1. Quote the charge dipole size of the stretch 62-217 about the Cα centre in Debye, to the nearest 20; the model charges only the Cβ of Lys and Arg (+1) and of Asp and Glu (-1).
2. Hey, fewest Cβ within 10 Å first, where do 22, 212 land in order?
3. About its Cα centre, what dipole magnitude does the chain give when the only charges are +1 on Lys and Arg Cβ and -1 on Asp and Glu Cβ, stated in debye to the nearest 20?
4. Calculate the spin-label point distance for residue 290 paired with residue 249, positioning each point 7 Å from the Cα along the beta-carbon direction, and give it in nanometres.
5. Exposure proxy check: 228, 261 ranked by fewest other beta carbons within 10 Å?
6. Which of 16, 263, 104 comes first, and how do the rest follow, when ranked by fewest Cβ neighbours within 10 Å?
7. Where does helix 31-47 land angle-wise versus the long Cα axis of the chain, in degrees 0 to 90, nearest 10?
8. Per 20 Å bin from zero, what fraction in whole % of the C-alpha pairs of the chain is there, up to the bin with the longest pair?
Amino acid sequence: MKNEAIKPPADDQSLDSKLRPSRWDEYVGQEKAKTNIRLIVQAAGKRGESCDHILLYGQAGLGKTTLAHLIAKEAGGEMKTTTGPALEKAGDVAAILSNLEPFDILFVDEAHRINKLVEEILYPALESRKLHFVVGKGPSARTFSLDLPPFTVIAATTKVNLLSSPLRSRFGATVKLEYYGDNDIEKIIERSAKILEMKISKEAVATLARASRKTPRTANRLLKRARDYTDVYENGAVSENTVRETLKLLDIDNLGLEKADRDMLKAIILQHGGGPVGVKTLSASLAEDEGTIEDVYEPFLMSIGLIERTPAGRTATEKAYVHLGIELKNKKGLI
Ligand code: ADP
């Protein structure tokens, strides 16, 4: 039976899957997360058991899906992929769970969007590997229980606080992925350049890394754009100048800020005296969805110290004024 909630596997030949690390030693950085996860997987392997369910959280593009693939490979199972919103009905999740083979990994992306009905089915499945379902309605309804094979759920989310606490407590380990340091991003770019058979100077790698929002997916995306630029205009190695021209075309500045990030900073500074300003007000000023502000712009701007979050709202830091070349004199609280 075709299950709509299971996504087809990505085309193996696609560039992105070529760049995805397929061995632990290729997975750069995140040492703490890697050590924790490998311990869990190896211990389970030694005991001949399936490994505990794992909840991964962190911003988009930091490597959650990649980790799930690595775990599946080490556990010797197949990885089946779905997403929280794709699991609409209890029947969707029951169909997926009952088709799992021993040691399979079920990767559930956007786990914070799993609805209550589906959660109810998941609790016994996660806890005791049982699927309870009801057949019929009213007084003649009967409850059946199906034993599931040993399997592991790896859930990924960018918003761990939105997961209900009963669901969160069903995971044996909760692992946070952090933004990457420039050195690690440089290593990722160098590795990707090698796979793509590109020549790239050290300076070009460093400039690309600084503009990559501390995120491997962004680093790979910018590297591919720099490759396009070189292939069309230069035909040779990717130089620092090529990278600068590429970033200029993409309207990305030296800190990796895109126009939307700069617009948000300018709105805080120029329209709201540097803050504090609440997300609702900002959303109205920018005509931008609150969720996008909170999930995409804010975490990165905070991570590089351009905004701060206070109980009263977001404020722009002095560094933000300097970066945008705006005088501090209009900042609230300054005489
Ligand atoms: P997420 O699931 O968190 O959104 P992904 O696992 O899809 O992120 O990662 C996006 C891309 O970034 C991957 O295809 C991979 O090429 C690259 N990547 C992510 N993490 C790493 C890492 N630690 N080392 C090398 N490449 C990475």
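1. With only Lys, Arg, Asp and Glu charged at Cβ, the dipole is about 320 debye.
2. 22, 212
3. Here the size comes out at about 540 debye.
4. Inter-label distance under the simple model: 3.9 nm.
5. Ranked by crowding around the Cβ, least crowded first: 228, 261.
6. With the sparsest Cβ surroundings first, the list reads 16, 263, 104.
7. 20 degrees
8. 27, 50, 22, 2
We did not get these values from a lab; they are worked out from the coordinates using the rules stated. Worth saying up front: this structure is predicted, and the values here are computed from it rather than measured. Counting neighbours? That spans all protein chains shown, and the Cβs are built from the backbone with ideal geometry, glycine included.
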